[in-house]
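Visitor: To start, I am sharing the structure in question, which I have written as structure tokens.
Every number here is computed from the coordinates shown, using simple stated rules; none is lab data. In this text, all values refer to a predicted model and were calculated from it rather than measured experimentally. Here the Cβ is made from the backbone with ideal geometry for all residues, glycine too, and neighbour counts use every protein chain on show.
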Amino acid sequence: MIKKALGIGFALALFGFAWAPAARADEWNRATKITFSQPVEVAGHVLLAGTYLFKIADSNDRHIVQISSADGKTIIATVMTIPDYRLKATTETVIRFREVPAGSPEAVRAWFYPGQTNGEEFVYPKRRAIELAKASKVVVPAIAVETIDVADVAALKTAPIIAVTPEEKELPVAAAIQTTPVERVQTVARTEPRQLPKTASTLPLVVLFGLVSIGLAVGFMVFGRRRDVAAV
């Protein structure tokens, strides 16, 4: 019985330690598979109906998103984003869309990872941003230069970003778009129960349970040996 408890404890502990790095990796690059039932547009790229892998690009700039095939083997687009925020996190991936001109595919505005209040708002090519701003009557972030190699991550990182208004005016992004966290009203913060994201890892509990099992098993062994000595 004691050997069995030790075995279970070690197995649970090793399982938790083995999977913890993978969980942290997913939270770092926010890798998410997203399925679209119809064509959509993301930062000037049209994605046909299907499943795609969205993730933060492996770079020092946390606002470059790579869109790949579902298996991650083929990079379809590398796009720029700006910070977006919401007051309350959800336990599911959230995709927000923009209003588009008639006949155009749905245009993705922002992507929120489960359990996060901060998300990514996609930056569109300037000409397309002007069209979307007119259709939606809101400002749209745009790459200021007309021509840029969107596959060149270094070029994307240095490309100037502006905000385009429905009247085709160009404004600094910070002056026209909320790019900093929105503070909650204190009364709401006091009365609203905190909701833990569904995607929060349970691995620490698994590891703890395993270690507790090991400790109990060792304790039983020591207690048993003391009883044997006392009996002699």
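Visitor: If I model a spin label at Glu27 and Lys88 as a point 7 Å from the Cα along the Cα→Cβ vector, what separation in nanometres do I get?
Guide: 2.3 nm
Visitor: Still on this model: Between Ser69 and Lys157, what length in nm is gained on full extension when 0.36 nm per residue of separation is reduced by their alpha carbon distance? Don't skip to the answer; put the middle values down first.
Guide: Numbers: separation 88, 0.36 × 88 = 31.68 nm, distance 2.29 nm.
Length difference between fully extended and current span is 29.4 nm.
Visitor: Here are some pairs, Lys134/Lys169; Lys55/Lys134; Lys55/Lys169; Lys137/Lys169; Lys126/Lys169; which of them have Cα atoms lying more than 21 Å apart in this structure?
Guide: Numbers: Lys134/Lys169 11 Å; Lys55/Lys134 29 Å; Lys55/Lys169 32 Å; Lys137/Lys169 12 Å; Lys126/Lys169 11 Å.
Going by Cα-Cα distance, Lys55/Lys134; Lys55/Lys169 fall outside the 21 Å limit.
Visitor: Give, as a single signed number, the net charge of other residues whose beta carbon lies under 15 Å from the beta carbon of Glu167, with Lys and Arg counted +1 and Asp and Glu -1. Intermediate results must be reported in sequence, preceding the final value.
Guide: On the way: positive: Lys126, Lys134, Lys137, Lys169; negative: Glu131, Glu168, Glu170.
Combined, the nearby Lys, Arg, Asp and Glu give +1.
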